[in-house]
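Read-outs: derived from the displayed coordinates by stated rules, not from any lab. The structure presented is a predicted model; accordingly, all values stated were derived computationally and were not measured. We place every Cβ from the backbone using ideal geometry, glycine too, and count neighbours over all the protein chains shown.
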Amino acid sequence: MIRFLFNDELVCLDDCSPDTTVLEYLRTIAEQRGTKEGCASGDCGACTVVIAEAIDGQLRYCNVNSCITFLGGLHGKQLLTVEHLQQSGALHPVQQAMVDLHGSQCGFCTPGFIMSMFALYKNTHSPSRAEVERGLAGNLCRCTGYRPIIDAALSLAGKSGQDQFSDSEQATLERLTTLVSETPTGQLTYRGRHFFVPTSSDELASLLLTYPDAKLVAGGTDLALSVTQQLQQPNVLIYTGRVAELLTITDSDAALTIGAGVSYSEAEPLLHQHFPAFAELLDRLGSLQVRNQGTLGGNVANASPIGDTPPVLLALNAVLHVRTGDQRQSIGIDDFFLGYRHTALPESGFIERIEIPKQPDQQLSVFKVSKRLDDDISAVCAALALVIEEGHVRAARLGFGGMAATPARALKAEQALIGQPFTEAGIVAAQQALAQDFQPIDDVRATGTYRLMVAQNLLLRAVYEQGADKEQAMEVVQYA
Amino acid sequence: MRNLSDISHTKQTKTGATGVSKKHESAPKHVAGTAVYVDDMQEPRGTLYGAVGYSSIAKGRIMALDLASVRASEGVVDVLEVQDIPGHIDIGAVFGGDPLLTSDEVKYQGQPIFVVAAATELQARRAARKAIIQYQEETPLLDVTKALGEQQFVRPSHFMKRGDQDAALANAPHRLQAKQHVGGQEHFYLEGQAALAVPAEDGGMLVYSSTQHPSEVQKLVAEVLNVPLNRITVDMRRMGGGFGGKESQGAAWACMAALLVMKTGRAVKVRLPRVDDMSMTGKRHPFYNAYDIGFDEQGLILGADIMVAGDCGHSPDLSDAIVDRAMFHADNAYYLPDVAIAGHRCMTNTVSHTAFRGFGGPQGMMIIERAMDDIARVIGCDPLDIRKRNLYGGAGRDMTPYHQQVEHNVLLELIEQLEQSSDYRARRDEITQWNSTSKVLKRGLALTPVKFGISFTLQHLNQAGALIHIYTDGSIQVNHGGTEMGQGLHTKIIQIVAEALSIDPNEIQITATRTDKVPNTSPTAASSGTDLNGQAAKNAALTLKQRISECIAEQKGCTIEQVSFADGKVHWGEGESMSFAEAAQFAYVNRVSLSATGYYKTPKIWYDREQAKGRPFFYFANGAAVSEVVVDTLTGEYKVVGVDILHDVGRSLNPAVDRGQIEGGFIQGMGWLTTEELKWNEKGVLTSNGPATYKIPAISDTPKRFNVDLFERDNDEETVYHSKAVGEPPFMLAISVWSALRDAISNVSDYNVSPALDTPATPERVLHAVMATKAEMARGGES
């Protein structure tokens, strides 16, 4: 059985298909159709709902795309939809602001915007324009051009985030705590197919031994597409989002170690502290809805050639701590990606945590180039970890995405950099070596020619950004 | 009705409704999730769900179609194939060529072959994928220039001509030639195509359809079913966006649902998942354009030979009118003294491209706006000066290539006002200075105008009807032929009727657009929704006002001139009055009909296509925009950092709604020219088939500086309260973004080279243009 609060109503389910999405539940089972389907692929935000979760004695409100969120993942949480925001017939402040500032035209994307804006309202008092953009970048509107929506979000400045949910926060927390203590593990079973919600690494390891073909659901932001787009029907799904050992972050002098089930959003503050260039990349990884669900572990295990964190983890020489049954092993990130979506992860194995070594003398630059600045997949993602002494490159690890069938290091370019001055002239050999490292393909996002040219130019950008002109804006996002 | 409503409590205080920023009539429902779209409706018991099986190849023949596994799939109730259609198979909107289903010839990837109906949507979708189809595949024609070379056209070419362009070109001091590719655009309405058909009596049906053209859906459903039109009612409350994509191409899904209702006797819903929607429906036409242009030392154009060629896809659909409109706008705002314009309708093996905001106008304007920048680089002056110099002017410079005189031309004044308010000249100097010290980033600036012709170019579409009921409590229902897709049409109609009757807009309820209330309607398209339906609704309101006035005059013994409507009241005689509700009851009791239709047809317009002469447009809507961009010369990434717009809406009926159209149109146009890239692979399969690969503008693409002002001045023509249409014209203001990108790129050549920049100007195309410009500069050549 899985149990969750649907606003303030307790819902208990046990015979739902394990691959039921929250959106499907809302529209076809609960028949609450305020939440819309725009794309069913997590790219438009029309289906945005808010999930409230008890974390450290507080409710954390996260906007997520209900179309790529599996129902089983709601176990122990509160689901809030656009239908729940009105109180006694009065519009919620975010709803009223959108009405007053003409923020809706056709209205189809509006419920999703309302829910993202509601999460913003709960989490960020008096948001800046940049925070509004970050909070709403996962919601597409085709009518308004966004200006009135931005104004509506900004107009909430000074409001304290108070509403009926604040009033009932303690009661909700208690109900969620009770709910989880009564039913720690969750499970859906339908026609011999299962969704498991284990709570410990031991449980997870044992489930994977029993079901070696099971699909692990961390954020599910990519996996869910196989269900909503390819219409696959996986037999067993195992959710990692409640496995305690996978949700921890350890910060030591030597390394930052992030549990494989930690969402990007949760990892962001510490990454920002230790690897600011990495954290800046996260701002452009998917949308807030995706970052609230997606995990570093999932991004690595998924091994997509266009995943954005593997290039950085390659550059930073991360170590993956993997568990299979009772066996634990460490796999260096260099040895992990074996081929297109093929990794060194053993059968029934899973990543428990990712260790990112800290190297104080290392400079990290991370660049993402895509058609659109918000919520787009990289044409090229480049991470350059360099140690520069007296103007010369002493050590270099260059991780690239979008350039090969896997995330990959540019080994020849690294060799060409080492020992050279880090200047326009000094990197020419490395730029040329990139053409030996990679023969990128043409696809819907970019041509191979462009990818290679950009990769070469990004080396130059790194030189400029660390050189005499570093005061000058070098990237459009810095200028604007 | 025996007892009349108690109206003693009704207050009528608010009056006068146009000209104020009334909120969208559905806004509180939008934000609460209670606004109902077709897919949200409570389905009748036993409703089936349809999923469309479509071709995976772009050209060839179906050799074998095995649907046994489809029929055997879980939950499947029935399958519709082409031989099941009792009536018309071809649902082409104007010309033939659009079979609802095919069993033989395949002309594009995504062509519907069968429709499966199952108990749930997921079951239907799973079943549809189980078809085993064998094709004999042929090489698809995908290149518009090849189609043009081979004269593979869906319709004959059309030509406009005035004067002797050959002589003018031969004698001009300067002559330039250029070609450009202008990309298409996916509508990406957030609500995908959807229809729900419910069986009714006598073989009829009630069809809920997400369509901009209920009357056409009614007609096509009747034709595929082979029943008279009077058996079919189409109901449309609201769309989650249309933008032209639901003008002709909303009909197929309604026809499929209706045919499945006929086969099964049960209600059927067909709703397209996003990838299916993007694969099966047409888009904005990509265009291939060319100019040959002659000009003098000041950059004044002397002669122009222009070609626009639309990539229409596999069938005509609305392409004849779309390419015509591209031709009508190949001059944009500029006088072309001796001119020839050729328009071609090229056939390729893709979906049939269709209406999209601007309807060919934007693609046509692109060629002349390219010419303006190119001329400026030759003459060595600011492109704004070239644009101003070439504007339509007074006598001798006011005749379009299709022989319509440009009257009431406000553009020079409008542009100069914007030039001032945007601080264009000072910014130009500051940007040039800044660029000289910036190593990687280059900024660009451009001002481009828009002159857009208002009216359907198919004359008979320029008519509309409305129906108003006044009930005995004084409340009013208004129905009209236009559809609400977010543009605020219903809001404006409420304001118009409220103003005509001097009553509180809150007393007016707009109901779903229905073919059994107002028949034989035109599509809500061509920016004409308010112009046509608003005037029809106003006429209906005036009819009712007249009847009530006559009744009061007769009963109260005064002249009709002594009856007036003001402040929610009806006044007569010497200072006597009653509330509007009381007047309604008074009229009812005196046996006056309180229901009236209204009708309107646009005056003055005509076009002789044989001669390519006439007045296709009742008037022009105008505007101008200044855009500023910053470009990264290492990656081609860019950002639009500032936009100033001044747009002519006549007397605004609703400034907030008009501003919404201007801003939304601008950003949509910006997406078309920048990040929205349609890609078909070499087999003709659309690979940009979802929002992960097709990138419409997102929130941080909206520029931080975004100043929008209305150029408020009464329309000189007799439009509804002297307003102007606003749906499409602002879309083309975004050409300023493209021009600003070219300006920034040109800076790397110190403005000597005018870079070619096909659209969409993705970062990749921008980087290539930067490299090409630098290379050309290195060769020391001029463009």
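Pairwise Cα distances in region B:564-639 exceed 15 Å in 79 percent of cases. Applying a DSSP loop filter and a limit of 14 other Cβ atoms within 10 Å to the GluC sites (Glu not before Pro) in region A:13-68 leaves A:Glu31. The calculated 222 nm mean residue ellipticity attributable to helices in chain B amounts to -8500 deg cm²/dmol, summing -39500 (n - 2.57) over DSSP H runs of n ≥ 4 and dividing by all residues.
Using the Cβ atoms and a cut-off under 9 Å, what net charge is assigned to the surroundings of A:Asp308, where Lys and Arg are +1 and Asp and Glu are -1?
Numbers: positive: A:Arg284, A:Lys368; negative: none.
Residues near A:Asp308 contribute +2 overall.
Across peptide B:19-30, the average count of Cβ atoms from other chains found within 10 Å of a residue's Cβ is 5. What is region B:463-507 by shape, rounded, prolate or oblate, if you read a ≥ b ≥ c off the alpha carbon gyration tensor as root eigenvalues and call it rounded for a/c under 1.5, prolate for a/b larger than b/c, and oblate otherwise? Since a/c reaches 1.5 and a/b is larger than b/c, the shape of region B:463-507 is classed as prolate. Using Cβ point charges alone (K and R +1, D and E -1), the dipole size of chain B about the Cα centre works out to roughly 1140 debye. Please identify every one of the GluC sites (Glu not before Pro) in region A:438-480 that sits in a loop by DSSP and has no more than 14 other beta carbons within 10 Å of its own beta carbon. Within region A:438-480, the qualifying GluC sites (Glu not before Pro) (loop, at most 14 other Cβ atoms within 10 Å) are A:Glu471. Along each principal axis, taking the top coordinate minus the bottom one, the Cα set of region B:345-395 gives 43, 28, 17 Å in descending order. Under a model in which nothing but the beta-carbon of Lys, Arg (+1) and Asp, Glu (-1) is charged, region A:248-479 shows a dipole of about 460 debye around its Cα centre. Can you tell me how chain B classifies by the Cα gyration tensor, rounded, prolate or oblate, using a/c under 1.5 as the rounded cut? The shape class here is oblate. Per residue, the Cα convex hull of region A:24-150 amounts to 120 Å³.
Counting only DSSP H runs of at least 4 residues, each contributing -39500 (n - 2.57), and dividing by the residue count of chain A, the helix-based mean residue ellipticity at 222 nm comes to -8500 deg cm²/dmol.
Within region A:311-375, the trypsin sites (Lys or Arg not before Pro) that combine a DSSP coil assignment with at most 16 other C-beta atoms in a 10 angstrom radius are A:Arg341, A:Lys358. Orientation-averaged projection of region A:111-162 equals 3.2 nm² [convex hull of Cα atoms, one quarter of hull surface area].
Once the gyration tensor of the Cα atoms in region A:248-479 is diagonalised, the equivalent ellipsoid follows with semi-axes of 27, 19, 18 Å, ordered largest first. Counting only Cα atoms, region B:43-198 measures 74, 37, 28 Å along its principal axes, largest extent leading.
Descending by average beta-carbon neighbour count within 10 Å, the peptides A:332-338, A:41-47 line up as A:41-47, A:332-338, the highest first.
Counting other beta carbons within 10 Å of each Cβ, put B:Met399, A:Met117 in order, fewest first.
Details: B:Met399 18, A:Met117 30.
The most exposed by this proxy come first: B:Met399, A:Met117.
Under a point-charge model restricted to the Cβ atoms of Lys and Arg (+1) and Asp and Glu (-1), what is the dipole moment magnitude of the protein assembly as shown relative to its Cα centre, in debye to the nearest 20?
Details: 112 positive and 148 negative charges, 253 e Å.
The calculation lands at about 1220 debye.
Near A:Gln466, once Lys and Arg are set to +1 and Asp and Glu to -1 for all other residues with Cβ below 15 Å from its Cβ, the sum equals -4. Residues A:Cys12, A:Cys141 in ascending order of nearby Cβ atoms (within 10 Å, fewest first): A:Cys12, A:Cys141. Scaling the Cα radius of gyration of chain A by the globular reference 2.2 N^0.38 Å produces a ratio of 0.99. Averaged over the residues of peptide B:275-282, the number of Cβ atoms from other protein chains lying within 10 Å of each residue's Cβ is 1.
Summary of packing: across the peptides B:189-198, B:71-80, the per-residue average of other C-beta atoms within 10 Å ranks them, highest first, as B:189-198, B:71-80.
Projected over every direction and averaged, the convex hull enclosing the alpha-carbon atoms of region B:654-783 yields 11.8 nm².
When B:Ile62, B:Ile341 are sorted by how many other C-beta atoms sit within 10 angstrom of their C-beta, beginning with the fewest, the order is B:Ile62, B:Ile341.
Where does region B:645-726 land on the Kirkwood hydrodynamic radius, alpha-carbon pairs, in angstrom?
Values: mean 1/r = 0.0664 Å⁻¹.
Value: 15.1 Å, from the Cα pair sum.
Of B:Leu169, B:Val144, B:Met63, which is farthest along the charge dipole of region B:45-189 in the positive direction, counting Lys and Arg as +1 and Asp and Glu as -1 at C-beta? Of the listed residues, the answer is B:Leu169. Seen from B:Lys538, the other residues with C-beta closer than 12 Å to its C-beta sum to a net charge of -1, counting Lys and Arg as +1 and Asp and Glu as -1.
Ellipsoid semi-axes for the protein assembly as shown, based on the Cα gyration tensor and the rule √(5λ), read 48, 40, 30 Å when sorted largest first. Legend: mean number of C-beta atoms from other chains within 10 angstrom of residue C-beta atoms, peptide B:435-445, equals 3. In terms of its C-alpha gyration tensor, region B:489-607 comes out prolate, because a/c is 1.5 or above and the ratio a/b outweighs b/c.
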